[in-house]
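A.B. asks: One structure coming up, written as structure tokens, with questions to follow.
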Amino acid sequence: MSHFADLSTLPPDALLGLMTAFRADPRAEKFDLGVGVYKDLAGETPILTAVKKAEAMLIGAQSTKVYEGQRGNTDFCGHVEDFVFGPGHPARAEGRVLSFTAPGGCGALFQGVSLMRKTGTRRVWVSKPTWPNHPNVVRSLGLEVGEYAYAKDGAFDLAGMTASLGAAERGDGVILQGPCHNPTGIDPSADDWRALGAFAWEKGLLVMLDVAYHGFAQSLDRDMDGVRAFMAEAGEAMVAYSCSKNFGLYRERTGCFLLLGETAEGISAATTHVADNGRATWSMPPAHGAGIVATILGDAVLRAEWETELNAMRTRMKGLRADLSDALVAATGSNELAALKSQNGMFSQLPITPAHTIELREKHGVYMPASGRINIAGLNPGDIPRLAEILSGYL
């Protein structure tokens with residue numbers, strides 16, 4: 001008797017399938033707008049120079065591979081706390097903050113949704129649209145997914161979002177993305193963030209902020225303004241922080257789960273549950289990526305070098321975004337896509353139907369998800385005029 005014969009076959013991950021199809025496409029002219037990684041002018045995703053230097057230092061100094069403990073690298077956790085809360089946040093001295101190393105941003109998301117479930121949450125709300133793994137994580141933990149409106153006419157829709165969340169019940173969970181919303185590239189203003197924090201406090205919602213692109217919008221400091229404004233009004237919040245993009249540590253799975261609570265007693269109890277969640281899944285968090293980040297952020301010279309490289313990535317993406325926007329406006333004769341310039345980060349969403357994304361792939365070698373999301377960071381400047389010419393027929 002097979003225990004697995006009656007299992008239904010799940011559909012393949014659409015984005016991973018798109019990546020495989022692109023690689024197998026023999027055409028000389030093809031465009032990969034789907035994969036969510038940063039690429040340089042040569043189309044490669046390089047290891048940052050600061051990361052290479054820190055990794056060499058880390059390996060040279062290592063004397064053991066023994067576990068670091070359930071929190072993982074505590075220096076790494078402290079540096080991420082500095083990023084998220086600021087060095088002088090009173091909650092840190094008052095014992096109202098916790099942080100745990102996690103296997104990437106997804107591991108931190110898993111920790112947050114697991115903790116939501118332990119508090120009695122039955123439904124978690126995500127933006128429409130959102131990164132597909134948000135609802136995947138929620139459903140994998142047996143919770144219901146709700147959707148809230150996010151953007152309208154190329155801008156953040158605060159009224160639509162709060163109207164959607166009007167149906168949320170006290171204790172419901174909400175996943176809010178930090179800077180550089182995936183897939184739209186549209187972010188709330190500082191006033192919007194404050195309003196959302198007050199709304200979450202009034203409704204009694206348990207919010208997790210997904211910070212996956214820190215440093216890709218404006219700067220390391222300014223990118224956290226909205227997150228901090230939200231937390232100041234909401235009182236409590238969870239944070240899933242990823243180092244995949246801003247440190248280029250994709251395969252090292254380097255993330256951090258953080259929690260700001262109203263009381264030290266609550267944080268003390270939550271710490272035991274976060275430790276228990278980690279123990280039951282990955283047992284001990286990975287050490288290598290967190291060690292690289294801690295080495296960089298603990299060394300003034302390496303940190304300055306990393307910040308220079310991060311600034312260059314952000315500047316390149318902004319330039320590509322502006323070039324694509326100008327080319328699409330010129331090719332379509334419409335100013336609608338000028339809004340791309342005001343968006344942030346790696347992604348934007350084009351108003352292209354799922355059927356047209358298939359046609360674009362089959363006829364023109366343009367690979368993008370059915371949602372119309374494109375990876376700005378994957379563009380090559382030399383491809384933009386031709387790409388705009390092709391896309392104009394579908395916009």
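A.B. asks: Taking segment 1-36, which residues are more than 18 Å from Ala370 (Cα to Cα) and of a type in the set (A, V, I, L, M, F, W, C)?
C.D. replies: Within segment 1-36, Met1, Phe4, Ala5, Leu7, Leu10, Ala24, Ala28 qualify.
A.B. asks: Looking at segment 104-143 only, could you name the residues that are free of Cβ contacts under 8 Å to residues at least 40 places away in the same chain and over 23 Å from Leu15 (Cα atoms)? Even if it seems obvious, please write down each step before you answer.
C.D. replies: Step one: of segment 104-143, the residues free of Cβ contacts under 8 Å to residues at least 40 places away in the same chain are 117, 128, 133, 135-143.
Within segment 104-143, Arg117, Gly142, Leu143 meet the criteria.
A.B. asks: What are the residues in segment 138-153 that are buried (at least 18 other Cβ atoms within 10 Å of the Cβ), within 30 Å of Ala338 (Cβ to Cβ) and touching a helix residue (DSSP H, G or I) at 6+ places or on another chain (Cβ under 7 Å), if any? Can you show your working first?
C.D. replies: Residues of segment 138-153 that are buried (at least 18 other Cβ atoms within 10 Å of the Cβ), as a first pass: 138, 143, 146, 148, 150-151.
Subset that is within 30 Å of Ala338 (Cβ to Cβ): 148, 150-151.
If the condition is that a residue be buried (at least 18 other Cβ atoms within 10 Å of the Cβ), within 30 Å of Ala338 (Cβ to Cβ) and touching a helix residue (DSSP H, G or I) at 6+ places or on another chain (Cβ under 7 Å), then Tyr148, Tyr150 are the ones that fit.
A.B. asks: Among (1) over 30 Å from Phe156 (Cα atoms); (2) surrounded by 18 or more Cβ atoms within 10 Å (Cβ to Cβ); (3) hydrophobic (A, V, I, L, M, F, W, C), where does Ala93 come up short?
C.D. replies: Checking Ala93 against (1) over 30 Å from Phe156 (Cα atoms); (2) surrounded by 18 or more Cβ atoms within 10 Å (Cβ to Cβ); (3) hydrophobic (A, V, I, L, M, F, W, C), the one that fails is (2).
For every residue, the table says whether it meets (1) touching a residue at least 40 places away in the same chain (Cβ under 8 Å); (2) under 30 Å from Arg194 (Cβ atoms); (3) in the same structural domain as Gly173 (by TED's automatic domain parsing); (4) of a type in the set (Asp, Glu).
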| site | (1), (2), (3), (4) |
| --- | --- |
| Asp225 | no, yes, yes, yes |
| Phe230 | yes, yes, yes, no |
| Leu260 | yes, yes, yes, no |
| Val274 | yes, yes, yes, no |
| Ala280 | no, no, yes, no |
| Pro285 | yes, no, yes, no |
| His288 | yes, no, yes, no |
| Gly291 | yes, no, yes, no |
| Glu305 | yes, no, no, yes |
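A.B. asks: Separate question: Could you pull out the residue among Asp383, Asp326 that is on the phi < 0 side of the Ramachandran plot, at pLDDT 95 or above and in a helix (DSSP H, G or I)?
C.D. replies: Answer to the check: Asp326.
A.B. asks: Also, quick follow-up: Could you list, in sequence order, the residues of segment 329-353 that are assigned to a helix (DSSP H, G or I) and more than 24 Å from Gln177 (Cα to Cα)?
C.D. replies: Within segment 329-353, the first condition is being assigned to a helix (DSSP H, G or I), and the residues that meet it are 329-332, 336-342.
Of everything in segment 329-353, those that are assigned to a helix (DSSP H, G or I) and more than 24 Å from Gln177 (Cα to Cα) turn out to be Val329, Ala330, Ala331, Thr332, Glu336.
A.B. asks: Separate question: Can you find a residue that is within 30 Å of Leu302 (Cβ to Cβ) and out of contact with any strand residue (DSSP E or B) (no Cβ under 9 Å at 6 or more places or on another chain) anywhere in segment 128-140?
C.D. replies: no
A.B. asks: Same structure again: Which ones in segment 354-369 are closer than 10 Å to Leu33 by Cβ, assigned to a loop (DSSP other than H, G, I, E, B) and not hydrophobic (A, V, I, L, M, F, W, C)?
C.D. replies: The answer is Pro369, and nothing else.
A.B. asks: At least 2 residues that are touching a Ser or Thr at 6+ places or on another chain (Cβ under 7 Å) in each: list the helices (runs of 4 or more DSSP H) lying fully within segment 65-170 that qualify.
C.D. replies: The qualifying helices (runs of 4 or more DSSP H) are 74-85, 104-118.
A.B. asks: Being of a type in the set (Asp, Glu), at negative phi and not assigned by TED's automatic domain parsing to the domain that holds Arg228: is that true of Glu94 here?
C.D. replies: It is false that Glu94 is of a type in the set (Asp, Glu), at negative phi and not assigned by TED's automatic domain parsing to the domain that holds Arg228.
A.B. asks: Which number in (1) buried (at least 19 other Cβ atoms within 10 Å of the Cβ); (2) modelled with pLDDT of 95 or more marks the one condition that Gly378 misses?
C.D. replies: Of everything listed in (1) buried (at least 19 other Cβ atoms within 10 Å of the Cβ); (2) modelled with pLDDT of 95 or more, Gly378 misses just condition (2).
A.B. asks: Here is a check on your reading of the model: is Ala240 in contact with an Asp or Glu (Cβ under 6 Å, 6 or more places away or on another chain) and either at pLDDT below 95 or aliphatic (A, V, I, L, M) (or both)? Even if it seems obvious, please write down each step before you answer.
C.D. replies: Numbers: in contact with an Asp or Glu (Cβ under 6 Å, 6 or more places away or on another chain): yes; either at pLDDT below 95 or aliphatic (A, V, I, L, M) (or both): yes.
Yes; evaluated as a whole, the condition is true for this residue.
A.B. asks: Could you check segment 278-321 and list, in sequence order, the residues that are among the polar types (S, T, N, Q), more than 20 Å from the chain's Cα centre (by Cα) and part of a helix (DSSP H, G or I)? Don't jump to the end; show me each part of the working.
C.D. replies: Keep residues of segment 278-321 that are among the polar types (S, T, N, Q), which gives 281, 283, 295, 308, 311, 315.
Now narrow it down to the ones that are more than 20 Å from the chain's Cα centre (by Cα): 281, 283, 295, 308.
Residues satisfying the conditions are Thr281, Thr295, Thr308.
A.B. asks: Just to be sure I understand, how many residues within segment 38-60 are part of a loop (DSSP other than H, G, I, E, B) and surrounded by 16 or more Cβ atoms within 10 Å (Cβ to Cβ)?
C.D. replies: 3
A.B. asks: Which members of segment 276-318 meet the condition of being in contact with a Pro (Cβ under 8 Å, 6 or more places away or on another chain) and farther than 17 Å from Ser244 by Cα?
C.D. replies: So the first thing to find is which residues in segment 276-318 are in contact with a Pro (Cβ under 8 Å, 6 or more places away or on another chain), and the list is 278, 282, 285-286.
Scanning segment 276-318 gives Gly278, Trp282.
A.B. asks: Right, next: Can you find a residue in segment 69-87 that is free of Cβ contacts under 8 Å to residues at least 24 places away in the same chain, at negative phi and more than 23 Å from the chain's Cα centre (by Cα)?
C.D. replies: no
The values are calculated or read from the model by the stated rules, or taken from the named source; none is laboratory data. Quantities reported herein were computed from a predicted structural model and do not represent experimental measurements. Don't worry about glycine lacking a Cβ; one is built from the backbone with ideal geometry, like all the others, and counts go over all protein chains shown.
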